[in-house]
Amino acid sequence: MSPANSKPRVIYTKKSPDGLHFDPTNPRFSRPDGTSATEVQIQALLEKEPHVALELVDSFLENGFIDYEPLVVRERDEGGYFVVEGNRRLAAIRHIQTNKDKYAKKSAKISALDSIPVLIFPKTDEQEDQKQRRVYLGVRHLFGFREWPADSKARYLDAQIKSKDDLDRIMRELNIKKQEISRYLVPFRLRKKLKTAWEPHKDQDFWVLGESLNRSGIKQYLGLEVDRDSLEVIAFKRDRLRNLLTFIYGSPERNRRDRRIDETRDLSKLAKVLESKAARTALERGSTLEESYVLIETRDETVARLKRLLSELRIVIGVLKKRPGSAHVHSSFKSFEKASKKFIRNAQKPGI
């Protein structure tokens, strides 16, 4: 095949980090107002949660840069290269080079970082170039062996999917089901619509919101409507979404002490509470999740709760018996215990 007809090759070589740049068009680095972030802003973003690029610093200072893990880059029109894959590693290297005095004892390792391995993707027509990068990033990071944080996945999908055709293309190219995409995209788009109302929760785990929307009771509470073709959010009850954020994250002004969810398995219980008018009213007025759930418990659940309560009270009463003036407490508990055991026996009889 002649050179004119041959496909451009991916080139493995080494480059100075000075000629490598973060890509401001990368959806992971998009700003709330839609503007492009600067190199300095992207560096700061990568150094903190959820990317935590600085956790790579010790490895670079101890082991250097591993040659078989090159950065993936593409040429910039203005010279140098945009990093397609390896932004965290570039951020860690930049941190080291900016703070050479701090790491002076590792000067030999720092010098070795002056030239690092890269794979240069060939320049193609814009449409083909976008497809190559989309497939590469999708397979590698969305559901591949080196996954992005949930928030980064959602940002990427939001930037790629604007219509039914976009959604179908992403599903086809990356072999991802719509339901899986929805788990990231719908909570992210809800969050975008909240704008400043999301600000108090911006440092909280995005994935908890995504998990909560998998529960039908929570979606019903929100009045959530989503376009099936594009996964755009059509409607939701803004005041109830604010309530939900407080239930799952708590309020910063109360140091998150009013949160109702301690772990994701509590979300199923929250969904059941929100399906009941009496229970959700109690929750909205400040009751705990357990206090609200009591209002909708089945008889078997109430019996199980009473058994646990008796077990805990026996321990407490046993401790109090050793203290002066506790005789009446012990006597009252014995009466309560007797009545509770009778209730439990009757509740467990067949047909009752």
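Please enumerate the residues belonging to the stretch 195-212 that are out of contact with any His (no Cβ under 9 Å at 6 or more places or on another chain) and either more than 18 Å from LYS153 (Cα to Cα) or hydrophobic (A, V, I, L, M, F, W, C) (or both).
LYS195, THR196, ALA197, TRP198, GLU199, PRO200, HIS201, PHE206, TRP207, VAL208
If I ask for residues that are of a type in the set (Ser, Thr, Tyr) and farther than 23 Å from GLN160 by Cα, which ones from the stretch 183-215 would you list?
Once the filter is applied, which keeps residues that are of a type in the set (Ser, Thr, Tyr) and farther than 23 Å from GLN160 by Cα, the stretch 183-215 yields THR196, SER212.
Can you find, within the stretch 34-61, the residue that is nearest to ASN87 (Cα to Cα) among those that are touching a His at 6+ places or on another chain (Cβ under 9 Å) and not aliphatic (A, V, I, L, M)?
GLN43
With a cut-off of at least 1 residues that are more than 27 Å from GLU297 (Cα to Cα) and not assigned by TED's automatic domain parsing to the domain that holds LEU45, name the helices (runs of 4 or more DSSP H) lying wholly within the stretch 181-269.
Answer list for the stretch 181-269: 206-212, 238-249.
On the given criteria, is ARG183 closer than 22 Å to GLU225 by Cβ, in contact with a Gly (Cβ under 7 Å, 6 or more places away or on another chain) and not hydroxyl-bearing (Ser, Thr, Tyr)?
For ARG183, the condition - closer than 22 Å to GLU225 by Cβ, in contact with a Gly (Cβ under 7 Å, 6 or more places away or on another chain) and not hydroxyl-bearing (Ser, Thr, Tyr) - is met.
For the subset of the stretch 167-177 comprising residues that are surrounded by fewer than 15 Cβ atoms within 10 Å (Cβ to Cβ) and touching a helix residue (DSSP H, G or I) at 6+ places or on another chain (Cβ under 8 Å), which member is farthest from ARG228 (Cα to Cα)?
Looking at the filtered set, the residue picked out is GLU173.
Filter the stretch 261-271 down to the residues that are crowded, with 16+ Cβ neighbours inside 10 Å and out of contact with any Ser or Thr (no Cβ under 6 Å at 6 or more places or on another chain), then identify the one that is modelled with the lowest pLDDT.
The selected residue is ILE261.
Let's see how each residue does on (1) part of a helix (DSSP H, G or I); (2) more than 30 Å from ARG242 (Cα to Cα); (3) in contact with a Lys or Arg (Cβ under 7 Å, 6 or more places away or on another chain):
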site	(1), (2), (3)
ALA278	yes, no, no
ASP300	yes, yes, no
ARG305	yes, yes, no
HIS330	yes, yes, yes
LYS334	yes, yes, no
ARG345	yes, yes, no
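Has the stretch 246-265 got at least one residue that is basic (Lys, Arg) and under 30 Å from ASP168 (Cβ atoms)?
no
Hey, among the residues in the stretch 222-250 that are closer than 12 Å to VAL186 by Cα and among the acidic types (Asp, Glu), which one's surrounded by the most Cβ atoms within 10 Å (Cβ to Cβ)?
Top of the filtered list is GLU232.
Does LYS321 count as more than 25 Å from ALA197 (Cα to Cα) and either touching a strand residue (DSSP E or B) at 6+ places or on another chain (Cβ under 8 Å) or of a type outside the set (Ser, Thr, Tyr) (or both)?
Spelling it out, LYS321 is indeed more than 25 Å from ALA197 (Cα to Cα) and either touching a strand residue (DSSP E or B) at 6+ places or on another chain (Cβ under 8 Å) or of a type outside the set (Ser, Thr, Tyr) (or both).
Listed residues THR298, THR302; which is surrounded by fewer than 11 Cβ atoms within 10 Å (Cβ to Cβ), closer than 30 Å to TYR221 by Cα and modelled with pLDDT under 90?
Unique residue meeting the criteria: THR298.
The values are calculated or read from the model by the stated rules, or taken from the named source; none is laboratory data. Just so you know, these numbers come straight off a predicted model, no measurement behind them. Glycine also receives a Cβ, built like all others from the backbone with ideal geometry; neighbour counts cover every protein chain displayed.
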